[in-house]
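All remarks here apply to the structure that follows.
The values are calculated or read from the model by the stated rules, or taken from the named source; none is laboratory data. What you are looking at is a predicted structure, and each value in this text was computed from that prediction instead of being measured. Please note: Cβ atoms are built from the backbone with ideal geometry, for glycine as well, and neighbour counts cover all protein chains shown. Ligands, DNA and RNA are stripped out before the accessible areas are found, and what is left, the full protein with its side chains, is counted by its heavy atoms. Shrake-Rupley method; radii C 1.70, N 1.55, O 1.52, S 1.80 Å.
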Amino acid sequence: ENIEDINKLNINNKHIVIVNQTTMSDNDFNLLIPKILDKYPYALNNTEICPATLERQKELNDTLLKHHSKTDKWLIIGDSKSNNTKKLVEIVKTKTTNYNLVSSLSEVSIIDFRNVTDVYITSGTSTPDGLIHDITKYIEKENS
């Protein structure tokens, strides 16, 4: 998961393949690859991060570069235990503190949207479409 983990590795085998089939942030994982290859230059890199997760992270990064006003509100919908949802939160945190991680409509209903210009919504890949729809409709109704 991190450089400390790499430093702790003691593999005495020349047959090493680097594989990532989790939803770990592509940015985070790409930072680790050179460190692994420094330690094990004969290792083969075979990353397999979920394409939907990569696309969501890329879109979020692109949108954040264009829109990160202090009056914008960012909602990340998903389970706080979901790795891909946590990565979306980490990405948002790089540009703003005006965000909420929510996993239910009741959590959204207590958010203060006063003085918010725009609301941006993203979600973990395993978040049910119905929940995303319900939260979006609620925000549209309450803030129109």
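For TYR42 and HIS133, calculate 0.36 nm times their separation in residues minus their Cα-Cα distance, and state this gained length in nm to one decimal.
Result for the pair: 28.0 nm of gain on full extension.
Quick one: Karplus J couplings for segment 55-62, per residue in order, coefficients 6.51, -1.76, 1.60, θ = phi - 60°, nearest Hz, x for Gly and Pro?
Residue by residue, segment 55-62 yields 5, 4, 5, 5, 4, 5, 4, 4 Hz.
In debye to the nearest 20, how big a dipole does the chain give about its Cα centre with +1 on each Lys and Arg Cβ and -1 on each Asp and Glu Cβ?
Roughly 300 debye, rounded to the nearest 20.
If you take the square roots of the eigenvalues of the alpha-carbon gyration tensor of segment 88-144 and sort them as a ≥ b ≥ c, do you get rounded (a/c under 1.5), prolate (a/b over b/c) or oblate? It would help to have the intermediate numbers written out before the result.
Values: a/c = 1.86, a/b = 1.05, b/c = 1.77.
Verdict is oblate for segment 88-144.
Could you work out the per residue convex hull volume over the alpha carbons of the chain, in cubic angstrom? If you can, show how the numbers build up before the last one.
Working: hull volume 17.0 nm³, N = 144.
Expressed per residue, the convex hull around the Cα atoms of the chain is 118 Å³.
Rounded to the nearest whole Å², what accessible area per residue is found for the chain with the 1.4 Å probe? Please list the in-between numbers first.
Details: 9130 Å² over 144 residues.
Here the residues of the chain average 63 Å² of exposed surface.
For the pair THR96 and SER144, how long in nm is the line joining their label points, each one 7 Å along Cα→Cβ?
Going by the 7 Å Cα→Cβ label model, 2.2 nm.
Given a cut-off of 28 Å, name the pairs among LYS70/LYS137; LYS35/LYS73; LYS35/LYS86 whose C-alpha atoms lie farther apart than that in the structure shown. Walk me through the numbers on the way to the answer.
Values: LYS70/LYS137 23 Å; LYS35/LYS73 36 Å; LYS35/LYS86 23 Å.
The pairs that break the limit, which is 28 Å between Cα atoms, are LYS35/LYS73.
Skipping prolines and chain starts, which residues have an amide H placed within reach, meaning under 5 Å, of the one on SER123, given they are 5 or more residues away or on another chain?
Correct list: ILE77.
Arrange the peptides 75-85, 1-11, 53-63 so that the one whose residues have, on average, the most other Cβ atoms within 10 Å appears first.
Numbers: 75-85: 19.2, 1-11: 9.6, 53-63: 16.0.
Most protected by this proxy first, the peptides run 75-85, 53-63, 1-11.
Which of the aspartates and glutamates could be linked to LYS14 by a straight reach, that is with a Cα gap under 20 Å, when you skip same-chain ones fewer than 8 residues away?
Straight-distance partners of LYS14: ASP5, ASP38.
Using a 1.4 angstrom probe on heavy atoms only, work out the carbon and sulfur share of the accessible area of segment 26-127 in %.
50 percent
Quick check: pseudo-label points 7 Å beyond the Cα along Cα→Cβ at THR71 and ASN30, how many nm apart are they?
3.4 nm
So what is the 222 nm mean residue ellipticity for the chain from helices alone, if each DSSP H run of at least 4 adds -39500 (n - 2.57) and you divide by all residues, rounding to the nearest 500 deg cm²/dmol?
Rounded to the nearest 500, the figure is -13500 deg cm²/dmol.
From the residues ILE110, LEU65, TYR42, which one has its Cα farthest along the dipole of the chain in the positive direction, the dipole being from +1 and -1 charges on Cβ of Lys/Arg and Asp/Glu about the Cα centre?
TYR42
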